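All remarks here apply to the structure that follows.
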Amino acid sequence: MSTSMSSFIAKITDWLNRIPGRGYLLIAILIFAAANSVIRKLTELGADNLIDGRNPISFCNVLFVGNLCALLGLIAIYGRQWNFRSLRQLSGTDWLGLLGVSVLSGALAPSLIFIALERTAVNNVVLIGRIEPPLALALSVLLLKERVNRWVIAGAIVSFIGVILTIVLQPPQENMITMAGGFRIGVGELMAAAGAIALAISTIISKVKLRQIPLGIFTVFRTATGTVIFFVVVIKLFGVGHFMNAFSPFVWQWMILYGAVIVVGGQLCWFKGLKTTTASDVSLASSFSPVAGILAAYLILSEVPTIAQYIGGAVIICGILLNQIGISRKLPKTDTLIVRASTKEMQVGFKGV
């Protein structure tokens, strides 16, 4: 029995090793793109299986329990990197950088995105989230003096315009906030934009401070710290009763599946792909993210894009095409920047992840 199992695992491993890196990247993008739609579907499932009148698969429970499941998986995979020798090599600045990234992309950004999913369509969250790449690019140019060509700059500007159109062309809705100048925006759209901004800032911190930190230390610390911070904040704001159903078997059976497939599986495919592909390959794969996200929303939730989403999405795709032209020119030291700035998945986060 043991020999047969070992042989089976060996065959699976051999088969996985034959998959090109680009295939792993594409699988990861599809997994991450489906995450928001899967989360919404799970909360709808919870609404059909109430416990004492409460939805056991609330967004808070999904984020908290999902992170716990993902943390267990990451520890199983990367636990060996957490040794005294590796930890001793990290400086105080490294730990501060890790803490900053954990707060921004491990706790704040996922929380904002989950709030957005509660209050607006998944397609809006997907498209407005594309504000992150141009913001990260702008911050890199302004703060880090990175070199980019005109095509990349044009792509970032066009994508930013596409996001603005997605927001501006939204039909009137309840709970809209009036901004400076009389501009009105829905709460969900505002939360999605704020989450993207947090991820953009996190990208810059990662680029400056975390280049030399082992992947296992980065992912485990970020997930653990983000989970603890989120738990403490929710307890302070809503009380411990908010997580009353978090440890229900009904919640865990779905969260273990979600954490294993979406969080851990997506990350493993992503980093497996990174090992054998170029920066241009990574950026090209990432460019499919908004299209895959909208397609996932349609297939999983039957969510048909609105006119505003069609227009904004089309403009964003034009910006992505311009960005790809810029990448193909391979300006020195540009590829890595563009990949980091255009790929939210590089944050290795629960998406939401």
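Results, tabulated for the structure shown:
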read-out	value
Residue that is surrounded by the fewest Cβ atoms within 10 Å (Cβ to Cβ) [pool: residues in the stretch 119-167 that are of a type in the set (Lys, Arg) and touching a residue at least 40 places away in the same chain (Cβ under 8 Å)]	Arg150
Selection status of Leu274, touching a Gly at 6+ places or on another chain (Cβ under 9 Å), open to solvent by 40 Å² or more (accessible area, probe 1.4 Å), among the hydrophobic types (A, V, I, L, M, F, W, C) and modelled with pLDDT under 80	yes
Hits in the stretch 73-86 (condition: assigned to a helix (DSSP H, G or I) and open to solvent by 50 Å² or more (accessible area, probe 1.4 Å))	Ile75, Ala76, Ile77, Arg80, Gln81, Phe84, Arg85
Set Ser206, Ser202: member being among the hydroxyl-bearing types (Ser, Thr, Tyr), crowded, with 21+ Cβ neighbours inside 10 Å, assigned to a helix (DSSP H, G or I) and at pLDDT 85 or above	Ser202
First in the stretch 34-61 and basic (Lys, Arg), second anywhere and open to solvent by less than 50 Å² (accessible area, probe 1.4 Å) and part of a loop (DSSP other than H, G, I, E, B), Cβ under 7 Å, 6 or more apart	Arg54/Asn245
Selection status of Ala194, closer than 25 Å to Ala121 by Cα and either open to solvent by less than 10 Å² (accessible area, probe 1.4 Å) or at pLDDT below 90 (or both)	no
Test: residue in the stretch 231-246 that is among the polar types (S, T, N, Q) and either part of a helix (DSSP H, G or I) or within 15 Å of the chain's Cα centre (by Cα) (or both)	no
Of residues in the stretch 168-191 being of a type in the set (Val, Ile, Thr), open to solvent by 20 Å² or more (accessible area, probe 1.4 Å) and within 24 Å of Pro305 (Cα to Cα), the one modelled with the lowest pLDDT	Ile177
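The values are calculated or read from the model by the stated rules, or taken from the named source; none is laboratory data. In this text the structure is predicted, and so the values were computed from the model without any measurement. Please note: Cβ atoms are built from the backbone with ideal geometry, for glycine as well, and neighbour counts cover all protein chains shown. In case anyone asks, the SASA skips ligands and DNA or RNA and just uses the protein heavy atoms, side chains included. Shrake-Rupley method; radii C 1.70, N 1.55, O 1.52, S 1.80 Å.
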